[in-house]
Every structure is written in C-alpha cells, then in structure tokens.
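Student: Provided herewith is a single structure, encoded as structure tokens, for subsequent inquiry.
The values are calculated or read from the model by the stated rules, or taken from the named source; none is laboratory data. It should be emphasised that the depicted structure is a prediction, and the values quoted were computed from it without experimental measurement. Neighbour counts run over all protein chains shown; Cβ positions are idealised from the backbone, glycine included.
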Amino acid sequence: MTRSRLGKTLPIVLLTLWVPRFGLALPTTQDEPEKGEAAEVAGPGDPQTHLAATVGEWEMAIRVWTNPNGEPAETRGSASARWILGDHFVETRLEGEVLDTAFEALRIEGYDVAADRFVSTWRDSRGTYTLVFTGKCDATCAIRTMTAEFTDPVSKTELTIKSVTTIISNDSYRYESYIVTPNGTEIKNMEFDATRRP
C-alpha cells in the first residue's frame, strides 16, 4: 500500500475502533470512560426489555386508509420479529397485501442509551424511502410514540410520519401510522393488529 493510500485509509480504521468502544468519533479533552461506563452506554439496558414484547411470529390484520373519511381496505399478513446484533435491536419483517399489491416491510428498532430515546428505521416495497423514527414511551412503556420526516414523492412536500406501537398483551400489539400535515393535522393511513401465533 502506498503512503498516500495509507494516509487515506488510516483515519477510517481509527474511527471504526473509536466509535464502538467509546461512543466518540474523535478524542476529546475529557478522560476516557471506564470500561463499566462504556458498557453501560453501548450495551442493552432495561428499555430494550420493552422491545421484547414484539419478538416472535405474528398474524397481522392490515388496514389501509386512502381516504381519511372512508373505510379502510382490510387484508391479512404475517410478521416475524427477532433480536439481532447482540440483542441490541429487534428486526421485524412483515409480508402481506396492501391495495391488491404484494407488500413487504422491514423495521429495525432499538433504544439509543446515550440519546435516551427509541430509534427505528422503516423500509417497504412501496417506495425507495427510508424512514428514521425517534421517540419515547409512556410511563409504563406500553405505548411508544415516534416520528420521522418524509418527503412526499408526488408533491415534494415535507411531511411528518407518526407511529404508535401499543402493547395490548403478551400475545397482541397494535402498530398505527399517521401522516402529519404541515398545519399539524394527523391523518391515519395504516394500522396493523398483531396476534401471536400459537
């Protein structure tokens, strides 16, 4: 490897060593965290236990609204959710049918200990977007409310997507999606009712 290539590669290697270990991209004047402190920031904690309620195999009742004043189109689907990356995140893969079209979605959800908030990404087969949600849960963590920014592909308008996950019991939960318009109006566009498979 030439000196010039080494000079370009070395900073990247150093970043990959610093970020997972210390949660920092560059050294600071502060003392390095102790091993216990670093593990507390980087590792799974109590909030992750609240994500466990959605892990498993699920039957899904899917409802989609194309008109906020109309009745939803109802279909069926399934979902499979599992822990990944050292039990830091829950990956949920959903399959079904939406508006007479095969539908797939992938959600990865976790809890950012340092930022003290839940974070998730959502991708599906109906578009090229990646939604990045952040949010909190209520006092019991039975309800997680999160928001993401979204650019409408037709109007190019910047919108907010709001998701609400409600843990109903050990064997059921509900996922709701709302479009929040620039004037603050919330329009429900999708709902999943999940029932755990026997």
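Student: Return a yes/no flag: does the range 94-111 have any residue that is modelled with pLDDT of 95 or more and assigned to a loop (DSSP other than H, G, I, E, B).
Tutor: no
Student: Filter the range 63-85 down to residues that are among the aliphatic types (A, V, I, L, M) and more than 16 Å from Arg107 (Cα to Cα) and give me whichever is surrounded by the fewest Cβ atoms within 10 Å (Cβ to Cβ).
Tutor: Ala73
Student: Among the residues in the range 169-185, are any farther than 20 Å from Asp87 by Cα, β-branched (Val, Ile, Thr), assigned to a loop (DSSP other than H, G, I, E, B) and modelled with pLDDT under 95?
Tutor: Yes, some residue in the range 169-185 is farther than 20 Å from Asp87 by Cα, β-branched (Val, Ile, Thr), assigned to a loop (DSSP other than H, G, I, E, B) and modelled with pLDDT under 95.
Student: Mind listing whichever residues of the range 141-192 are among the charged types (D, E, K, R) and touching a His at 6+ places or on another chain (Cβ under 6 Å)?
Tutor: none
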